[in-house]
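Q: I'd like to ask you about the structure that follows.
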Amino acid sequence: MKRLVMRGCVFSAVLALAGAHAAAQQVEVRVVVGEQTAKEIRAAIQRSLQTIDARVWNEISREIGDALREGLSGAHYAGREIAEALREASSQDRNYTQEQVAKESHTLAIGANGTLILKNISGSITVTGGSGRSATVEVTRRSRGRTDADAKLGLERVRVEVDHRGERATVEARYPDDERRPPYAVTTNYVVTAPAGTALSVTTMSGDVQVKDIKGDVTAAVMSGSATVSGSRVSLVKAMSGTVTVTDADADSSMELSTMSGNIRVERAKAKRVTITALSGLVVARDVETMSATITSTSGDVEFSGTPMKGGRYEIRAHSGDVRVILPKGGFDVSARTFNGRITADPALGLQVTTSQPVRNSVLRGTVGDGGASLDVSTLSGSVTISRK
């Protein structure tokens, strides 16, 4: 895969998209930032969505993310266009008026602390933690075509494969890789109940993911759609185009949350290290308990609240947006900077200032209480506010 380059009016992209049998196909996209952006990205995704292998998701998102970071001035616009392209690419053809539906159920005896891997291309995934030693997977395949025969063909060609070996099971939607423009569109939805101690891995190209009450460990990756995780142990949740929401979550060690185009919202999270990254969107992280936090938004505001820990380090950054940090108690050393904006420190902090330059090129350094934790806050274009509440 070649690096995308974006600056000014034009960027070029080459996405190597591997199929189910590792036969790579290459889609070259030349996008003019403006009206042509959505059209050309949309066309490339439409040609490739049915056969793309989820294993290349990480590489695609990383390369596009690097490109958009190089063209920061266009990141918000391009991210919005990519989101629209992905949504349209995954939608069903308006001419597909005939529909066929197939349902199936699988009971997988993976044990109380087994591993469940769910892979999808187009469709939603919902997982809820339960009791017992088996996972139940309810699968609904919905096929649409211009004719009833086309819709039936979709159900014949798009299958769900289950690989169950001991305490590990994989459920994967498989699309044929020998059809360039199939006469059908198929969505596959999973509704899963798994033992609470299950280690869960979820991947989908187009569709929403919801996970609740899974304590084994959760990793989730969505290309186009939202990811919502609650009451679970979380190590990784990311979306290319969509909102990431995490509530009442913890992690054994580190928690990583990211999105390219969308917002990230976190409420009540606990981990040794927390990393949150949004390329184009708002970040709100409230009541976060961690020794190390790195929170970044390239285009959007950032809000962080939590109690700083002795020896902890907290880095909060925005490129184009305001930063608000709320630390209801505890001492810390602060270094805050903004190129074009204002820094405001709540008098209730009792901040002992060591360096202050007002307004433009603002810099604020000081200590609250007995220090002990490090707070590093910066934004290029926006204001910084640090308060107790």
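Q: Considering only residues of region 189-213 that are farther than 19 Å from VAL234 by Cα and of a type in the set (A, V, I, L, M), which is modelled with the highest pLDDT?
A: VAL191
Q: All but one of (1) at pLDDT 95 or above; (2) crowded, with 21+ Cβ neighbours inside 10 Å hold for ARG168; which doesn't?
A: (2)
Q: Note down all Cβ pairs under 7 Å where the first residue falls in region 282-307 and is crowded, with 20+ Cβ neighbours inside 10 Å, the second is among the basic types (Lys, Arg) and not in a strand (DSSP E or B), and they're at least six residues apart or on different chains.
A: Sorted first by the residue in region 282-307, then by its partner, the pairs are THR290/LYS272; THR298/ARG69.
Q: Mind checking which residues of region 184-198 are among the small types (Gly, Ala, Ser) and either out of contact with any helix residue (DSSP H, G or I) (no Cβ under 9 Å at 6 or more places or on another chain) or not in a strand (DSSP E or B) (or both)?
A: Hits for region 184-198 are ALA194, ALA196, GLY197.
Q: Can you name the residue in region 117-150 that is free of Cβ contacts under 8 Å to residues at least 60 places away in the same chain and among the aliphatic types (A, V, I, L, M) and, of all such residues, is farthest from SER206 (Cα to Cα)?
A: ALA149
Q: Name every residue in region 207-237 that is buried (at least 23 other Cβ atoms within 10 Å of the Cβ) and among the polar types (S, T, N, Q), in order of residue number.
A: SER224, SER232
Q: Another one. What is the number of the single condition among (1) over 20 Å from LEU257 (Cβ atoms); (2) surrounded by fewer than 17 Cβ atoms within 10 Å (Cβ to Cβ) that LEU351 does not meet?
A: (2)
Q: Scan region 171-188 residue by residue and report those that are more than 30 Å from GLY216 (Cβ to Cβ) and modelled with pLDDT of 95 or more.
A: If the condition is that a residue be more than 30 Å from GLY216 (Cβ to Cβ) and modelled with pLDDT of 95 or more, then no residue fits.
Q: Taking region 181-224, which residues are over 15 Å from GLY129 (Cβ atoms) and aliphatic (A, V, I, L, M)?
A: Result: ALA185, VAL186, MET205, ALA221, VAL222, MET223.
The values are calculated or read from the model by the stated rules, or taken from the named source; none is laboratory data. Quick caveat, the model's predicted, so the values are computed rather than measured. Note that each Cβ is placed from the backbone with ideal geometry, even for glycine, and that neighbours are counted across all protein chains shown.
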